[in-house]
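Trainee: What follows is a structure written as structure tokens; I'll ask about it next.
The values are calculated or read from the model by the stated rules, or taken from the named source; none is laboratory data. Keep in mind that what you see is a predicted model, and the values were worked out from it rather than measured. With ideal geometry, Cβ positions are generated from the backbone for all residues, glycine too; neighbour counts draw on all protein chains shown. What goes into the accessible areas is simple: the full protein's heavy atoms, side chains included, and nothing from ligands, DNA or RNA. Shrake-Rupley method; radii C 1.70, N 1.55, O 1.52, S 1.80 Å.
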Amino acid sequence: MALMDAVLELADDHLVLGHRLSEWCGHAPMLEEDLALPNMALDLIGTARTLYDYAAKLEGQGRSEDDIAYLRGEREYRNCLLVERPNEDFAHTVLRQFFFAAFMHPYWHAAQDSDDEVIRGVAGKAVKEMAYHIRHAGEWVIRLGDGTEESAQRMRDAVEALSIYTAELFEEGAAEGAPALPSRAAQREAWDATIAHVFAEAQLEMPEVPFPQTGGRKGLHGEGLGHMLAEMQSVYRAHPGATW
Amino acid sequence: MVAEVADICAARAWEAAAAVPDPEVPCVTVADLGILRGVEMDGDVAVAKVTPTYSGCPATLAIEMAIEVALREAGFDARIERVLSPAWTTDWITEEGREKLRAYGIAPPEEPSGSVRALFGETTVTCLRCGSRETEKLSEFGSTACKAQYRCTACLEPFDYFKCL
Ligand SMILES: [Zn+2]
């Protein structure tokens, strides 16, 4: 069951962040971003779907990917706190994306050597998509951080607000007992290097975080996730078993 | 004799499935794109193996259904198997597929997939209209998940570029 729990954590990270990004659809500051954010959301939700489907198979109880995504409450979600943070402004959104992709890229890179065929397949696809997300979000972090007075201030505010959630990315969670998945802690060095590289160009500094926020892997979430799930799950809960 | 019949069936099933156009880029077929990995006979059932292009490609389901319909119209019982590993790459687009994309107005991927240059956006893309290498990226993301938008700075033609992944 360790593998199933670990796959669920991964799937929840991707679905929750994908859903957050999808909230921008039709509201982005410019057309390019109105295409980019839902495109990135699609990558994440696509990955989540494959992982939920796999988790359902591992569980073997006849649940579907939809049942797992739509019929679990907030306390049963195992995503890390970073991905559920609300969109706030565009600076928060691109920084959250950059922090997450900078972690997932080396993670999926390592997962390409997994002895699990499904994980290898997901990783082979996702590693390239995450490289795109790092690049796209990273360019925005630089443009805003090294931009106008206001954009720089908003980016600094985003760094202040989101940096406290980054330590949780490296907690092993359920994967500790699942050798098919890479160690999360082992991705720290690569993540630090990506952040340092982009932050130097963006004139940003990563603050010291004396009290990191964690708890997502145990189902302890911020208030926002419940609201997000209520909206995301409302149709399926009103029409159980609906397909579209 | 039985083996021969099976071979002939498999070849006919391949032909039927391979001719299915991509729903989003209809100038190329699923075989041109390399997403139809093979068709095998399992008894009387034609089993088409399909690899999705992108994790969240909304066309995946439409492609699988179109292949199944094509096989049934050709007289086969059909089943689709989704193959995730190895993951699809733009390297699998055939030479013929690349030619068709060019003729359709979409610049085919120029770098081998996984190239660091391609991932970090340092690819040089050739203008479809005048052949100039002086082109600029307009948008990382285009009308579908697989495309970016470019413009030629020599002749000013805007065009789609099939991203290297
Ligand atoms: Zn030109």
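Trainee: Looking only at other chains, what is the average number of their beta-carbon atoms within 10 angstrom of each beta-carbon in A:116-127? Can you show the working numbers first?
Mentor: Values: counts 1, 4, 2, 2, 4, 9, 4, 3, 7, 14, 3, 4.
Taking the mean over all residues of the peptide, I get 5.
Trainee: Roughly how big is region B:2-82's charge dipole about its Cα centre, with Cβ charges of +1 (Lys, Arg) and -1 (Asp, Glu), in debye to the nearest 20?
Mentor: Numbers: 6 positive and 14 negative charges, 39 e Å.
The dipole magnitude comes to about 180 debye.
Trainee: To continue, here is another question. Report, in degrees rounded to the nearest 10, the 0 to 90 angle that the Cα long axis of helix A:90-111 makes with the longest principal axis of chain A.
Mentor: 60 degrees
Trainee: Using a 4.7 Å cut-off between beta carbons, which cysteines in chain B end up with no partner cysteine at all?
Mentor: B:Cys9, B:Cys27, B:Cys57, B:Cys146, B:Cys164
Trainee: I would also like to ask the following. Answer rounded, prolate or oblate for region A:124-173, using the Cα gyration tensor with square roots of eigenvalues a ≥ b ≥ c: rounded when a/c is under 1.5, else prolate when a/b is larger than b/c, else oblate.
Mentor: Values: a/c = 5.34, a/b = 1.35, b/c = 3.96.
Oblate shape, in that a/c is at least 1.5 and b/c is the bigger or equal ratio.
Trainee: So how long is each side of the protein assembly as shown along the principal axes, counting just the alpha-carbon atoms, biggest first, in Å?
Mentor: So the extents along the principal axes, rounded to whole Å, are 75, 60, 39.
Trainee: To one decimal place, what Kirkwood hydrodynamic radius in Å is obtained for region B:2-82 from all pairs of distinct Cα atoms? Numbers along the way, then the final one.
Mentor: Details: mean 1/r = 0.0800 Å⁻¹.
The Cα-based Kirkwood calculation yields 12.5 Å.
Trainee: Just going by the charge dipole of region B:2-82, with Lys and Arg at +1 and Asp and Glu at -1 on Cβ, which of B:Ala18, B:Ile35, B:Ala70 is farthest out on the positive end?
Mentor: B:Ile35
Trainee: If B:Glu24, A:Glu189 are ordered by their accessible area, calculated over protein heavy atoms with a 1.4 Å probe, which sequence runs from highest to lowest?
Mentor: A:Glu189, B:Glu24
Trainee: I've got another one for you. From the P(r) of chain A, could you give the percentage of C-alpha pairs in the tail past 22 Å? Display every interim value, and only then the final one.
Mentor: Numbers: 15239 of 29646 pairs.
The calculated P(r) of chain A puts 51 percent of pairs beyond 22 Å.
Trainee: How many Lys pairs in the protein assembly as shown lie less than 14 angstrom apart by Cα atoms, where the lysines are 8 or more positions apart or on different chains? Intermediate results must be reported in sequence, preceding the final value.
Mentor: Details: A:Lys125/B:Lys163; A:Lys128/B:Lys163; B:Lys137/B:Lys147; B:Lys137/B:Lys163; B:Lys147/B:Lys163.
Close lysine pairs under the 14 Å cut-off: 5.
Trainee: Moving on. With θ set to phi - 60° and the Karplus curve 6.51 cos²θ - 1.76 cosθ + 1.60, what are the ³J(HN,Hα) couplings of region A:70-77 in order, to the nearest whole Hz, using x for Gly and Pro?
Mentor: 9, 10, 9, x, 4, 5, 8, 6
Trainee: Roughly how big is chain B's charge dipole about its Cα centre, with Cβ charges of +1 (Lys, Arg) and -1 (Asp, Glu), in debye to the nearest 20? Write out the running numbers ahead of the final one.
Mentor: Details: 16 positive and 26 negative charges, 115 e Å.
So the magnitude is around 560 debye.
Trainee: Between beta-carbons, use under 13 Å as the cut-off and find the net charge around A:Thr50, counting Lys and Arg +1, Asp and Glu -1.
Mentor: Values: positive: A:Arg49, A:Lys57, A:Arg120, A:Lys125, B:Arg82; negative: A:Asp43, A:Asp53, A:Glu65, A:Asp116, A:Glu117, A:Glu129.
Net charge in that neighbourhood comes out at -1.
Trainee: Just to confirm a number: summing +1 for Lys and Arg and -1 for Asp and Glu over residues other than A:Asn79 whose beta-carbon lies under 9 angstrom from that of A:Asn79, what do you get? Can you show the working numbers first?
Mentor: Details: positive: A:Arg78, A:Arg217; negative: A:Glu9, A:Asp12, A:Asp13, A:Glu84.
Combined, the nearby Lys, Arg, Asp and Glu give -2.
Trainee: Considering the Cα trace of region A:1-50, what is its radius of gyration and what is Dmax, both in angstroms?
Mentor: 12.8, 44
Trainee: All other residues with a Cβ under 15 Å from the Cβ of A:Val198 taken together, and with Lys, Arg as +1 and Asp, Glu as -1, what is their net charge? Working shown, then result.
Mentor: Numbers: positive: A:Arg96, A:Arg135, A:Arg143, A:Arg156; negative: A:Glu139, A:Asp146, A:Asp192, A:Glu201, A:Glu205.
Once positives and negatives cancel, what remains is -1.
Trainee: Ignoring ligands, DNA and RNA, what percent of the accessible area of the protein assembly as shown is carbon or sulfur (1.4 Å)?
Mentor: Numbers: 9480 of 18170 Å².
Roughly 52 percent of what the probe reaches on the protein assembly as shown is carbon or sulfur.
Trainee: Relative to the first principal axis of the alpha-carbon coordinates of chain A, what is the inclination of helix A:149-162, with its axis defined by its Cα atoms, in degrees from 0 to 90 and to the nearest 10?
Mentor: For A:149-162 against chain A, the angle is about 40 degrees.
Trainee: Could you tell me how many degrees, from 0 to 90 and to the nearest 10, lie between the Cα long axis of helix B:95-104 and the main elongation axis, the longest principal axis, of the Cα atoms of chain B?
Mentor: 60 degrees
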